[in-house]
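Data first, discussion second: the structure below is written as structure tokens.
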Amino acid sequence: MTEELDKYVREHTSTEGDYLYRLYRATNIHTIHGRMASGHLQGRLLKMLVEMVQPQNVLEVGTFSGYSALCLAEGLEAVWGHDKQHGHLYTFEINDEQEPFTRPWIEQSPWAHRITFSIADAITAAPATAYEHGITFD
């Protein structure tokens, strides 16, 4: 990306909010691979895509620190408001060593009611979850 394009994108992208900013910072300070987190621009894109598509159920494979999950859930909240019957994210992380870091950030977030976070292999857990809940992923 050119410097000019980068400047334009940053000037025309909404802010990420304090909670997401703090999570991104904590991810980079407290995890070995902090750069794996989606970050501000990618997170705003994920939120925008959810707002455009308006999915009922979202599947995320690879939660890592939860940054992208929170951005997806933020988009669901923008679409569905306080309607708890619609708009849910199911996110799976295979690395159980991430759980002590990630789970508190998800559970204490403003979008926790929109997220089911599981430590599991998504290849088997996602189909089982869909069957159990009688859902399809959009």
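The values are calculated or read from the model by the stated rules, or taken from the named source; none is laboratory data. Here the structure is a predicted model, which is why all the values come from computation and not from measurement. Ideal geometry is used to build each Cβ from the backbone, glycine not excepted, and the neighbour counts take in all protein chains shown. The area values use the complete protein model at the heavy-atom level, side chains included, leaving out ligands, DNA and RNA. Shrake-Rupley method; radii C 1.70, N 1.55, O 1.52, S 1.80 Å.
From the residues in region 53-72 that are open to solvent by 20 Å² or more (accessible area, probe 1.4 Å) and in a loop (DSSP other than H, G, I, E, B), which one is nearest to Leu20 (Cα to Cα)?
Phe64
Can you tell me which condition Thr91 does not meet? The list is (1) closer than 19 Å to Gln42 by Cβ; (2) part of a helix (DSSP H, G or I), and all the others hold.
Among (1) closer than 19 Å to Gln42 by Cβ; (2) part of a helix (DSSP H, G or I), Thr91 violates only (2).
Please list, ordered by first then second residue, the pairs with beta carbon atoms under 7 Å, 6 or more apart or interchain, first in region 52-71 and at pLDDT 95 or above, second of a type in the set (Asp, Glu) and open to solvent by less than 70 Å² (accessible area, probe 1.4 Å).
From region 52-71, the pairs are Gly62/Glu93; Thr63/Glu93; Phe64/Glu93; Ser68/Glu60; Ala69/Glu60.
Consider Tyr21 against the criteria (1) farther than 18 Å from His113 by Cα; (2) open to solvent by less than 20 Å² (accessible area, probe 1.4 Å): it satisfies all of them except one. Which criterion is unmet?
All conditions pass for Tyr21, except number (2).
List the residue pairs whose Cβ atoms are under 6 Å apart, where the first residue sits in region 113-138 and is more than 17 Å from Gly87 (Cα to Cα), the second is of a type outside the set (Gly, Ala, Ser) and exposed (fewer than 12 other Cβ atoms within 10 Å of the Cβ), and the two are 6 or more positions apart or on different chains.
Listed by first residue and then by second, the contacts come to Ile119/Asp96.
For region 27-36, give me each residue that is crowded, with 16+ Cβ neighbours inside 10 Å and either closer than 22 Å to Pro110 by Cα or in contact with a strand residue (DSSP E or B) (Cβ under 9 Å, 6 or more places away or on another chain) (or both).
Thr27
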